[in-house]
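One structure is given here, and the rest of the page talks about it.
The values are calculated or read from the model by the stated rules, or taken from the named source; none is laboratory data. Nothing here was measured: the structure is a model prediction, and the numbers come from that model. For neighbour counting, all protein chains shown are included, and Cβ atoms are generated from backbone atoms with ideal geometry for every residue, glycine included. Remember, those area values only see protein heavy atoms, side chains included, never the ligands or the DNA or RNA. Shrake-Rupley method; radii C 1.70, N 1.55, O 1.52, S 1.80 Å.
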Amino acid sequence: MLLREVSYARPATVEEAISLLSTQAGARPLAGGQTIVNVMKARAAAPDVLVDLADLEDLRTIGFSGDGLLELGATVTYTQLVASSEVEVARPILAEVAATIADVQVRNRGTVGGNVCVADPTNHLPPLLVALDATFTIRGEDGERTVSAEEFFVGVYMTAVGEGELLTKVSVPPSKGAGDGFAGLTIGTHGTYVVDAAASVSDAGVRIVLGCVAAVPVRATPMEEKLAGGDLSEDAVRAAAKGLGATLDPPSDVHGSADYRRHLAEVSAIRACLQAASRRKGA
Ligand SMILES: Cc1cc2nc3c(=O)[nH]c(=O)nc-3n(C[C@H](O)[C@H](O)[C@H](O)COP(=O)(O)OP(=O)(O)OC[C@H]3O[C@@H](n4cnc5c(N)ncnc54)[C@H](O)[C@@H]3O)c2cc1C
């Protein structure tokens, strides 16, 4: 289907992009276009102005902050994540998961910022970034603020990014010997997840986060608490996951009933946690 008529702007700086977004009615950022163009074609969204982020070099870089955080510019693509030596050193799970998103075309165009800003509950990066305790930097006319991953995701297709604002970067703590894991069931190879789980095991404890079971990523807090004593043997992890499904209220749809998703949540959490534990330095 052809797109409805839409204005197009291609700012050269982040400041110009924010100015356009906050002054033009119905303006929306355009990153990789892998979601927004499709929803425009389906007439599910109809922005009046697309503000293309393609020329904003500042948003396309991967580097480290002064205090050692891995900084991913909002328009870093999945292909960049996969190829990045910084990601490989600091948090290789990001490259591992990005390499499994959809197909090569989507990976070449799709961006970190677009993946999280669309806040689709089935997207790969939201649960992973919550498990890694990432922080998100949002800029608007009034300045810059930083929110935690848990505060960032507000609902289906809703985030902490307000009208006229732009997500500029995602900052991820370096692993410092932590082990990270990701597991779940997809619809076909490299397909969308039916349920997924991300886990990170570090000196600070265990973080386990479930995707596709609610509007936003869900911390598996009961399981994390049961593992707080530090025993991450297979028996202990399996025992800790028991009953996790009963704490969830997932949707039923054509891909699986709520009960099946509860079961998948337990299995995925066990697999992600055991993978993370096995990858922890010294494990
Ligand atoms: C066939 C296909 C299969 C897919 N399968 C998967 C999958 O299995 N898992 C998965 O995770 N994803 C999947 N995707 C989605 C893909 O990852 C998209 O790239 C992603 O959801 C959106 O990223 P984008 O850069 O293309 O964003 P866009 O489509 O350009 O933008 C998405 C939304 O985010 C907003 N936005 C973008 N950047 C910013 C920013 N910096 N600040 C504020 N708002 C911003 C836009 O205004 C828009 O509302 C699939 C896509 C396709 C086409």
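Per residue, how much accessible area does the chain have with a 1.4 Å probe, in Å²?
About 46 Å² of surface per residue is accessible.
Here the accessible area is traced with a 1.4 Å probe on the protein chains. For the chain, carbon and sulfur cover 51 percent of it. Dipole size of the chain about its Cα centre, with +1 on Lys/Arg Cβ and -1 on Asp/Glu Cβ: approximately 740 debye, rounded to the nearest 20. May I ask you to list the lysines whose Cα is less than 16 Å away from that of Lys242, ignoring any residue fewer than eight positions away on the same chain? Straight-distance partners of Lys242: Lys226. Over the chain, DSSP H runs of length four or greater, each weighted -39,500 (n - 2.57), average out per residue to a 222 nm ellipticity of -8500 deg cm²/dmol. A straight Cα-to-Cα reach below 16 Å connects Lys176 with the lysines Lys281, residues fewer than 8 places away in its own chain not being considered. Report, ordered by chain and residue number, the lysines lying within cross-link reach of Lys41, taken as a straight Cα distance under 30 Å and ignoring same-chain residues fewer than 8 apart. Qualifying lysines at Cα under 30 Å: Lys169.
I need the calculated FRET efficiency for the pair Asn108 and Glu225, taking r as the beta carbon distance and R₀ as 30 Å, to the nearest 0.05.
0.15
Net charge dipole, region 143-283: roughly 440 debye, given to the nearest 20, about the Cα centre with Cβ charges of +1 for Lys and Arg and -1 for Asp and Glu.
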